[in-house]
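Here is the structure we will look at, set down as structure tokens.
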Amino acid sequence: MITWVVMDNMTTRDGDDHKRLRKVIARGFTARRVKETRPLIEKITQELLDDLAETPPGEVVDLKARFAYPLPARVVCDLFGVPEEARADALRGGEVNVSTSITPEEAEANVEQWHRAMLELAEHKRREPGDDLTSLLVKPDGDDGSQLSDEEMAGTLHLMLGAGSETLMNVLSHAVRHLLTHPGQRALVESGEASWDDVFEETLRVDSPAAMLPFRFATEDVEIAGVVVRKGEPVLMGFAGIGRDPEIHGDSAGAFDITRADKTHLSFGHGLHYCLGAPLARLEAMVALPALFERFPRMELAVAPEDLEPQGTFIMNGHRALPVRLSPPAAS
């Protein structure tokens with residue numbers, strides 16, 4: 001858990017520091033830049049679907065490993081200009097960071113690994129800048145010439161690469177699982193009576209991709225439901241429960257229902273800390289989900305829903321794998 005304490009980026013900063021760091025990142029997530037990403041997302045999606053299409057009928061594949069993870073991972077690595085040979089190292093820190101069962105020694109080694117990998121990426125872009133977001137980050141700010149410190153650079157790149165891959169992986173996995181286990185709602189989407197955006201928002205509500213966010217601290221005394229949290233006390237934010245509040249969503253708060261009118265959730269955060277990558281995540285899902293179900297209309301879960309194993313961490317909310325059959329077995 002040490003990684004969540006030592007990260008120096010906009011999620012762990014408030015006030016002027018947060019505004020300064022967010023301003024730097026925001027240059028790479030304008031509406032125009034996000035819109036221009038669509039061809040890249042479509043290209044990667046089709047390549048992954050073409051690869052899946054080679055699967056023999058009836059064979060079980062892990063859709064998380066073969067589609068839900070590589071899609072956002074490749075997109076975010078392309079956006080940040082991570083060289084092919086450096087991608088495994090660049091992404092490894094985020095993969096290990098969400099584990100809550102590693103030893104203190106493994107956690108310390110992970111901090112050293114991702115810190116080194118992020119600084120190497122930044123130095124590579126200083127030497128060989130390109131049309132990518134890391135090159136944008138290493139450039140001095142156009143208004144006042146300020147630059148991120150090495151610690152801020154490492155923490156910011158780690159945040160963007162990790163959040164840009166791990167979280168959407170879980171959203172895509174959950175959305176697929178819900179549609180495969182709710183054929184009536186899938187039919188509503190296919191008939192146009194409901195939209196893919198309905199699927200996306202309801203998935204975020206009922207199954208936030210992040211379960212808990214540790215090591216946040218109250219900046220002032222605050223009373224919540226009769227409990228006073230003192231300034232400086234640690235707070236564990238339970239995103240997995242926020243969208244299932246029966247006082248907001250009624251008795252059906254725990255049920256997946258794309259037709260519900262109120263899909264309120266906080267899976268992208270709130271206020272000043274609202275996720276800058278939300279429009280990009282939405283675009284990726286709007287491209288990937290309809291393309292997947294159009295290519296494999298007879299896809300089905302290969303195990304009972306209750307037999308899906310959890311991801312094995314209280315930080316993220318996902319499954320260890322998502323075994324599916326893309327098509328029924330060939331007739332004998």
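Just how large is the dipole of the chain about the Cα centre, in debye to the nearest 20, putting +1 at every Lys and Arg Cβ and -1 at every Asp and Glu Cβ?
Working: 35 positive and 55 negative charges, 113 e Å.
Charge dipole of the chain: 540 debye, to the nearest 20.
Hey, if you put +1 on the Cβ of every Lys and Arg and -1 on every Asp and Glu Cβ in the chain, which of L236, M316, L272 ends up farthest toward the positive end of that dipole?
Farthest towards the positive pole: L272.
Which FRET efficiency value, to the nearest 0.05, is calculated for R298 and A261 with the Förster distance at 30 angstrom and r the Cβ-Cβ distance? Numbers along the way, then the final one.
Values: r = 32 Å, r/R0 = 1.05.
Efficiency for this residue pair is about 0.45.
Near the amide H of F217, under 5 Å away, which other amide H atoms are found, from residues 5 or more places off or on another chain, if H is placed in the peptide plane?
Amide H to amide H, under 5 Å and 5 or more residues apart or across chains, F217 pairs with V235.
For the chain, what is the relative contact order in percent, using Cα pairs closer than 8 Å and at least 6 residues apart in sequence? Provide the component values of the computation, followed by the final result.
Values: 456 pairs, mean separation 82.5, N = 332.
Once divided by the residue count of the chain, the mean separation gives 25 percent.
Run through the range 229-332 and list the trypsin sites (Lys or Arg not before Pro) located in a DSSP loop whose Cβ has at most 16 other Cβ atoms within 10 Å. Write down the numbers at each step before the final one.
On the way: sites: R230, K231, R244, R260, K263, R282, R295, R298, R320, R325; in loops: R230, K231, R244, R260, K263, R298, R320.
Those satisfying the criteria are R230, K231, R298, R320.
Give the long-range amide H neighbours of R260: residues separated by 5 or more places, or on another chain, with amide H under 5 Å away, using H modelled in the peptide plane at 1.01 Å from N.
Here the answer is none, since no amide H 5 or more places off falls under 5 Å of that of R260.
Using Cα pairs under 8 angstrom and six or more residues apart, how large is the relative contact order of the range 209-279, in percent? If you can, show how the numbers build up before the last one.
Details: 74 pairs, mean separation 18.3, N = 71.
Once divided by the residue count of the range 209-279, the mean separation gives 26 percent.
Got a number for carbon plus sulfur as a percent of the range 9-140's accessible area, 1.4 Å probe? Don't jump to the answer; show the numbers that get you there.
Numbers: 3400 of 6610 Å².
Roughly 52 percent of what the probe reaches on the range 9-140 is carbon or sulfur.
Determine the sum of side-chain charges near E151: Lys and Arg each +1, Asp and Glu each -1, restricted to other residues whose C-beta is under 14 angstrom from that of E151.
Result for the neighbourhood of E151: -2.
Gain in length, D62 to R216, computed as 0.36 nm per residue apart minus the alpha-carbon separation, to one decimal in nm?
Values: separation 154, 0.36 × 154 = 55.44 nm, distance 3.41 nm.
Stretched out fully, the D62 to R216 stretch lengthens by 52.0 nm.
Could you work out how far apart the two model spin labels at K19 and H182 are, taking each label as a point 7 Å from the Cα in the direction of the beta carbon, and quote it in nm?
It works out to 4.1 nm between the two label points.
Could I have the simple spin-label model distance between R126 and E85, label points 7 Å from Cα toward Cβ, reported in nm to one decimal?
Inter-label distance under the simple model: 2.1 nm.
Which ³J(HN,Hα) values, rounded to whole Hz and listed in residue order, are derived for the range 109-115 from phi using the Karplus coefficients 6.51, -1.76 and 1.60 in 6.51 cos²θ - 1.76 cosθ + 1.60 with θ = phi - 60°, glycine and proline given as x?
5, 5, 4, 5, 5, 6, 4
If you roll a 1.4 Å probe over the heavy atoms of the protein chains, what accessible area per residue do you get for the chain, in Å²? Numbers along the way, then the final one.
Numbers: 16110 Å² over 332 residues.
Roughly 49 Å² per residue, with all protein chains present.
Would you mind getting me the FRET efficiency between Q113 and F314? Use the beta-carbon distance for r and R0 = 30 Å, nearest 0.05. Please list the in-between numbers first.
Working: r = 22 Å, r/R0 = 0.75.
It comes out at approximately 0.85.
Pop the C-beta distance of E54 and K231 into the FRET formula with R0 = 56 Å and round what comes out to the nearest 0.05.
Working: r = 57 Å, r/R0 = 1.02.
Result of the calculation: an efficiency of 0.45.
Could you pull out every one of the aspartates and glutamates with an alpha carbon less than 13 Å from that of K43, ignoring same-chain neighbours closer than 8 positions?
Hits, sequence-local ones excluded: D51, D78, E284.
Cα centroid distance between the range 192-233 and the range 290-314, in Å?
Result: 25 Å between the Cα centres.
The values are calculated or read from the model by the stated rules, or taken from the named source; none is laboratory data. Keep in mind the model is a prediction, meaning the values are calculated, not measured. Neighbour counts are summed over all protein chains in view; Cβ atoms, including those assigned to glycine, are modelled from backbone coordinates with ideal geometry. All accessible areas refer to the heavy atoms of the entire protein, side chains included, with ligands and DNA or RNA removed. Shrake-Rupley method; radii C 1.70, N 1.55, O 1.52, S 1.80 Å.
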